[in-house]
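Worksheet: one structure, shown below.
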Amino acid sequence: MAKLVATLASTHHPFYLKATTAPPEQQMPEAPTWKRKIEAYRETLAKAEPDVLVMIGSDHFHQIFLDNCPQFLIGKAERYDATFYNEEREFGIPKYVLEGDEAMSRFMHQSLMNQNFDFAFSNELKIDHSIICPIITVRPQNDLPVVPIYTNIFAPPLHTPKRFYEVGRAIRKAIDDFPSDKRVAAIGTGHLSLELGGPRQFMETGPDPVFDRQAIEWLKSGDIDAILENVTHESMAQSGNATHGFLNFILMLGVAGPEGADYVDNLDLFHTMEAYFTWYPKEAAA
């Protein structure tokens with residue numbers, strides 16, 4: 001059977017590449033620190049020596065629209081084109097082609113359906129920055145096949161935090177049951193408190209620093225009970241109009257299991273708190 005060797009969860013700031021590769025005199029003051037933190041985080045994936053990446057993100061209305069918006073979707077293609085025009089223009093993210101793992105995608109789709117999770121699928125999925133950003137940050141050589149999974153964190157009605165956690169557990173089972181000797185890393189991205197287009201977008205910190213600190217502690221300790229007791233759609237909306245991206249962090253804790261993280265870091269960046277977590281299965285960490 002396949003072996004999950006690492007679970008990573010982080011924010012996905014689309015300006016990271018542009019901010020850290022600009023000429024030094026044009027870089028923001030936090031850029032050198034940001035780059036050092038990302039390089040340290042990258043090592044947490046490298047040491048796990050994965051063969052394939054299961055990647056969880058959310059389409060930012062680039063390919064999935066309100067005319068047909070699945071709650072959960074898995075890609076089943078041979079390869080995936082990535083980066084949309086506005087992401088090139090605004091964020092300086094180059095175009096990518098990601099290789100797929102069709103056999104693993106097919107198996108995981110069937111496993112998830114067998115576990116009563118009705119995933120949509122796409123053989124023509126194009127990838128946006130929610131998945132390209134972690135490629136840039138933790139696997140810039142882009143040398144591993146991927147199984148992409150998209151969640152709906154934008155268009156109500158959204159599934160509950162509990163359902164996201166349950167989906168994470170189901171993804172973990174699908175990975176564990178895949179008949180292969182492949183070493184699998186699961187990588188997901190979302191948000192802490194975040195405001196897009198609202199009055200709190202350009203604060204010096206994220207719109208809700210109290211939530212950010214608490215969320216980091218919950219994830220650090222693997223305290224899913226506290227998360228499910230305190231985090232609701234209403235509370236996330238109060239923390240910022242795009243804070244529902246935290247649902248993807250909950251999903252990744254489901255993949256990892258309710259365990260304390262082995263690696264935790266964060267960076268209080270202009271208008272957002274960046275955060276980085278890695279969990280290793282106990283047998284892999286020994």
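The values are calculated or read from the model by the stated rules, or taken from the named source; none is laboratory data. All values reported here derive from a predicted model rather than from experimental measurement. A quick note on method: Cβ atoms are made from the backbone with ideal geometry, for glycine too, and the neighbour counts reach across all protein chains shown.
Filtering the range 119-134 to residues that are free of Cβ contacts under 8 Å to residues at least 60 places away in the same chain and either in contact with a helix residue (DSSP H, G or I) (Cβ under 8 Å, 6 or more places away or on another chain) or part of a helix (DSSP H, G or I) (or both) leaves Phe119, Phe121, Ile132. Being loosely packed, with under 13 Cβ neighbours inside 10 Å, without any contact (Cβ under 8 Å) to a residue 60 or more places away in the chain and closer than 30 Å to Ala120 by Cβ holds for only one residue in Phe84, Phe65, and it is Phe65. State which residue is farthest from Pro157 (Cα to Cα) when the search covers only the range 199-241 and only residues that are of a type in the set (Val, Ile, Thr) and surrounded by 14 or more Cβ atoms within 10 Å (Cβ to Cβ). Taking the candidates together, the pick is Thr205.
When Ala103, Ala31 are checked against the criterion of being within 30 Å of Pro179 (Cα to Cα), surrounded by fewer than 20 Cβ atoms within 10 Å (Cβ to Cβ) and at pLDDT 95 or above, a single residue qualifies: Ala103. Being of a type in the set (A, V, I, L, M, F, W, C) and buried (at least 24 other Cβ atoms within 10 Å of the Cβ) holds for only one residue in Leu196, Leu247, and it is Leu247.
Of everything in the range 234-245 that is out of contact with any Ser or Thr (no Cβ under 8 Å at 6 or more places or on another chain) and touching a residue at least 40 places away in the same chain (Cβ under 8 Å), the residue that is nearest to His60 (Cα to Cα) is Ala242.
The residues of the range 36-67 that are farther than 25 Å from Val97 by Cβ and not hydrophobic (A, V, I, L, M, F, W, C), listed by number, are Arg36, Lys37, Glu43, Thr44, Lys47, Asp67. When the range 52-62 is limited to residues that are within 20 Å of Ile187 (Cβ to Cβ) and either assigned to a loop (DSSP other than H, G, I, E, B) or polar (S, T, N, Q) (or both), the one that is nearest to the chain's Cα centre (by Cα) turns out to be Ser58. On the stretch given as the range 237-286, residues that are of a type in the set (A, V, I, L, M), in a loop (DSSP other than H, G, I, E, B) and closer than 12 Å to Lys220 by Cα total 1.
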